[in-house]
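The values are calculated or read from the model by the stated rules, or taken from the named source; none is laboratory data. Computed from a prediction, not measured in an experiment: that's the story for all the values here. Glycine gets a Cβ as well: all are built from the backbone with ideal geometry, and neighbour counts include every protein chain shown. Note: areas computed on protein heavy atoms with side chains; ligands, DNA, RNA excluded. Shrake-Rupley method; radii C 1.70, N 1.55, O 1.52, S 1.80 Å.
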Amino acid sequence: MRARPLTICLASFTAALVAATSGCGGSGSSGGPNRSTAAAVSTATPGSTTSGSTATTSSTTTAGSTTTVPGGATGPASGPPLITLTSPARGLHTTQTGVVVEGTVLHQAGVAYFIINGQPVLPGAGGAFQHPVTLAPGLNVIELEAASTRGERARTVVPVVAGAFLPEASPVTDALAVRLNRPAFDAIERVAAQQLGGVNLAQMIMAQNPLFSASNFFGSLDVNATSATFGTPTLDLDPQQGGLGVRFELPSIRVRVRCEVRVFGAIPVNTNIDVTADRAVLTARAVVNVAPGGVVTTTLQNVVVSLTNFRFDVSLIPGTFLEDLARDAVRRMIEDQVRRQVEQVVPQEVNRAIAGANGPVTQTVMGRQVTVHMIPKAVVFDAQGCSVLCDGDTRMTPFPGLPTTPGSLTTPGAPPTHPTTQAVHLSVNDDLLNRVGHAVWRGGLMNLLIDQAAAQQLGLPAWLPMDAFMLQVFFPQLIGRVNPLDPLELEVTSATPALFRTLPAGQGLLEAGVGDLTVSIYVAPAGRPRELVLRAGTQVRVGVAPSMVGSTLRVDVVGRPTIRTDVFETPIAAIDEIAVETFFDFILPPVIQLLPMAFNGFPLPVYPGINPSNVQAVPDGPQGDFVTIRGDL
C-alpha cells in the first residue's frame, strides 16, 4: 500500500498562524504597542514629511550624553531635526552579526541629542554619524531619535533581518517530528476495525461465485454464496522493534450458500446450507518503508489466517470426494478474502496515521491557496510506538513586484526527543514557520487594500467607522481639509516576510514579527480620485498561540502587540508624530485581536473519526526552536 508524501496532522496550524500574522499586517492592522514611537524623517517642506538619503560621511560615537551639535545651512530652520539614513537599507537581509548605521542628522539651530537604540551618538562634521549595532538572529528594529535645542523631536525606525537563510527552492530540513505512542495505535485500531468484516467482506465473498464447481463419474456440485454475516471484528496493532504486530479476529462467521447437486441419472437437487466458523484469526507483521521523495509504503509480512471450527456439510452427494473438494475450496476462499480485506485496510490506515493519504495540505487564505508539503524521510518503530521525521516546504504562486531575499530565515536546532506519555506529539520547527511566513509574503497575502466593505467582512468594531471623521478626531489639522463623511481606504504592503521565533519557557510560546509593513491611509470620496492622508512604516511584534477546538484550529493573539512607527508622508497637512503614535496605539491593538478570528475554524486533517483531547502547545527541542503540540486520542 503506497501513500503520497506526508500530510501534517496539524499542518494547517502553520498555515493559519502565518495567515493570522500576515492578516495582522495585511489588513492595515499590523500591530499595536505597549509603547509605540513615531519616527519623524522630516524635510523643511511645510505640511509634509518624507524620507531621503545623502552620501555617507564619518563621525564618532560616545558612551555618555551627546552635546549640542551646531547645525548647518542644509538643516531645517524649524521643526524637528532631519535624520537622513544611508545605511542600512530598510528591510535588509544579512548574514552578518552586526551592521554600521550611517547617515546625517541636521538642524540649523543645532541638535540637542541624538541616540541610536538608546545609545548616545555624537555626530561629526556636517552632522554625519556612524554607529555599530549588534544584530540578533531574526527581526532587529533599529531606532534613531534626535531633538533640536528647542525640544522638537524626530525619530526613525529601520528593520533589519539577520541570520542564516534557506533558499526558496530548498525544503526545510527536519521540519516536523511526529511521535505516535501506543494510545495512538489503540485509536487507529478502533477506526480500522470498523472497516473490516461486515458488508464489505460479504460482498467480496459473493463476488467469488461460484465458490466451487466440479463433477465426476457420480455427479456434479455447484456452490454459490447468497449472503454472509459476521460478528464484531477486533484489531490489535502492537508496536514492536522494526514494525507493528497485527492480530485480527472476526467471530461468528456464517455464509449462506446454495448447493446444486446433480447425481448421475437423477434429477438435480438444490439445497441451502450454512457454512460456519467460530472465528477467523489473522496474524501478520506490518513493515513501513520510506522511499526517496517521501513515499511511504506499508506492507504486511508473514500473514497467517486460520478458521476455528469450520463446518461445511452437504448430505446429498454419494461418497465424500466432491464434498471434500468443495469444503476445502470454500474454506480457502473465506481465508483468502479475510486476508485480502486486511491487506487492503490495515496498510492504508497505517499510512494515513503516519504519512497521510491525501497528499499536501492546501488551504485557501484570503482568496489564495497556501500549500504545506511534508516529506517523510525516516519512520522508526520501537516497543512503545513510532517516530516519524520529515522535511517540509510551503509554496504559493509568487506575487509580482516584491523584493528579492536570500530565502527564509533558518536557525540550527535538533528535533526534540518525545516521551512515551500522551498519544500524539507533533513538533514543528520554527524554520518551517518562517518558510510559511516567507511563502505567504512572497504570495502577496501581506499586500492588501481594506475599504469599508472589507472592514465589515473582517468584523471590525463599530467604533472603527473607516471614515474621515475618525482621522479628524486624532488629527485636527485635517478639519476643513477633508470631508468627515468621506470613506477611508487602507493600503498595506510589506517589504519583508513575517518572522517567527519560539520563546523561552515562561515567556509564552511564539512571537511573530513583521519588519517593514507600510500602511497608507487614503480618503476615497465617491466619484473622485482617492487622496493620500498618511503613509507610515510599522514594525510589529505580536505573541500568538494555537489551540484546537474539536478537529479545527484556533489562533489567538496573546497579550498586547507592540509596534514601532515611522512616518513617511502627510501630504494634506503637517501631522504631529505624537498624534500618529496615539492613532496607531488606539486602532491597531483591537484590530489585531480580531484578525485571527478570520482564520479560526480551519479543518485539521487529523486521523478520521478521532477527536484530539487535552491538547497542549509548548516550546521544545534542545535549542528550544520547536513548538510541540501534544494530546490524547
Notebook entry, point to check: Yes or no: Arg530 out of contact with any helix residue (DSSP H, G or I) (no Cβ under 8 Å at 6 or more places or on another chain) and within 21 Å of Pro571 (Cβ to Cβ)?
Noted result: yes
Notebook entry, point to check: Pick from Leu300, Leu307, Leu282, Leu322: which is at pLDDT below 95, of a type in the set (A, V, I, L, M, F, W, C) and outside any loop (DSSP other than H, G, I, E, B)?
Noted result: Leu322
Next item on the list: Give the residues of region 148-178 that are open to solvent by 60 Å² or more (accessible area, probe 1.4 Å) and more than 30 Å from Ile116 (Cα to Cα), sorted by residue number.
Entry: Pro167, Glu168, Ala169, Thr173
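Here's the yes/no breakdown for (1) at pLDDT 85 or above; (2) touching a Cys at 6+ places or on another chain (Cβ under 7 Å); (3) over 21 Å from Gln507 (Cβ atoms):
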{"site": "Leu594", "(1), (2), (3)": "no, no, yes"}
{"site": "Met597", "(1), (2), (3)": "no, no, yes"}
{"site": "Gly601", "(1), (2), (3)": "no, no, yes"}
{"site": "Leu604", "(1), (2), (3)": "no, yes, yes"}
{"site": "Ser613", "(1), (2), (3)": "no, no, yes"}
{"site": "Gly624", "(1), (2), (3)": "yes, no, no"}
{"site": "Ile629", "(1), (2), (3)": "yes, no, no"}
{"site": "Leu633", "(1), (2), (3)": "no, no, yes"}
Next item on the list: With the condition kept exactly as written, say whether any residue in region 485-504 is surrounded by fewer than 17 Cβ atoms within 10 Å (Cβ to Cβ) and within 30 Å of Asp620 (Cβ to Cβ).
Entry: yes
Margin query: Could you tell me how many of the residues in region 535-578 are assigned to a strand (DSSP E or B), at pLDDT 80 or above, open to solvent by less than 30 Å² (accessible area, probe 1.4 Å) and over 18 Å from Glu145 (Cα atoms)?
Written below: 5
Checklist line | Residue match in region 467-485 (condition: modelled with pLDDT under 90 and touching an Asp or Glu at 6+ places or on another chain (Cβ under 7 Å)) | finding: no
Notebook entry, point to check: Got a number for residues in region 505-534 being without any contact (Cβ under 8 Å) to a residue 60 or more places away in the chain, hydrophobic (A, V, I, L, M, F, W, C) and either assigned to a loop (DSSP other than H, G, I, E, B) or open to solvent by 20 Å² or more (accessible area, probe 1.4 Å) (or both)?
Noted result: 2
Item checked: Residue satisfying condition, being touching a residue at least 60 places away in the same chain (Cβ under 8 Å), in a strand (DSSP E or B) and open to solvent by less than 10 Å² (accessible area, probe 1.4 Å), within set Val436, Val428, Val440 -> Val428
Next item on the list: Working carefully through the options Val380, Val388, find the one that is of a type outside the set (S, T, N, Q) and surrounded by 23 or more Cβ atoms within 10 Å (Cβ to Cβ).
Entry: Val388
Margin query: List the residue pairs whose Cβ atoms are under 6 Å apart, where the first residue sits in region 145-161 and is over 14 Å from Phe568 (Cβ atoms) and part of a strand (DSSP E or B), the second is of a type in the set (S, T, N, Q) and open to solvent by 10 Å² or more (accessible area, probe 1.4 Å), and the two are 6 or more positions apart or on different chains.
Written below: Val160/Asn140
Note to self: Give me the residue from region 579-592 that is buried (at least 20 other Cβ atoms within 10 Å of the Cβ) and in contact with a helix residue (DSSP H, G or I) (Cβ under 7 Å, 6 or more places away or on another chain) and, out of that set, modelled with the lowest pLDDT.
What the structure shows: Ile592
Notebook entry, point to check: What strands (runs of 3 or more DSSP E) lie completely within region 179-279 and have 1 or more residues being open to solvent by 70 Å² or more (accessible area, probe 1.4 Å), free of Cβ contacts under 8 Å to residues at least 24 places away in the same chain and over 30 Å from Thr417 (Cα atoms)?
Noted result: 212-216
Next item on the list: Scan region 105-118 and report the pairs whose first residue is closer than 14 Å to Leu85 by Cβ and part of a loop (DSSP other than H, G, I, E, B) and whose second residue is open to solvent by 30 Å² or more (accessible area, probe 1.4 Å) and at pLDDT 90 or above, with Cβ atoms within less than 6 Å and a gap of 6+ or a chain change.
Entry: Asn117/Glu143
Note to self: Can you tell me which residue is surrounded by the most Cβ atoms within 10 Å (Cβ to Cβ) among those in region 611-633 that are within 20 Å of Gly392 (Cα to Cα) and β-branched (Val, Ile, Thr)?
What the structure shows: Val627
Check: How many residues are assigned to a helix (DSSP H, G or I) and closer than 13 Å to Tyr522 by Cα if we restrict to region 473-486?
Finding: 1
Next item on the list: Any chance you could count how many residues in region 100-138 are open to solvent by less than 20 Å² (accessible area, probe 1.4 Å) and of a type in the set (A, V, I, L, M)?
Entry: 8
Next item on the list: Could you run through region 327-343 and say how many residues are touching a helix residue (DSSP H, G or I) at 6+ places or on another chain (Cβ under 9 Å) and surrounded by fewer than 18 Cβ atoms within 10 Å (Cβ to Cβ)?
Entry: 1
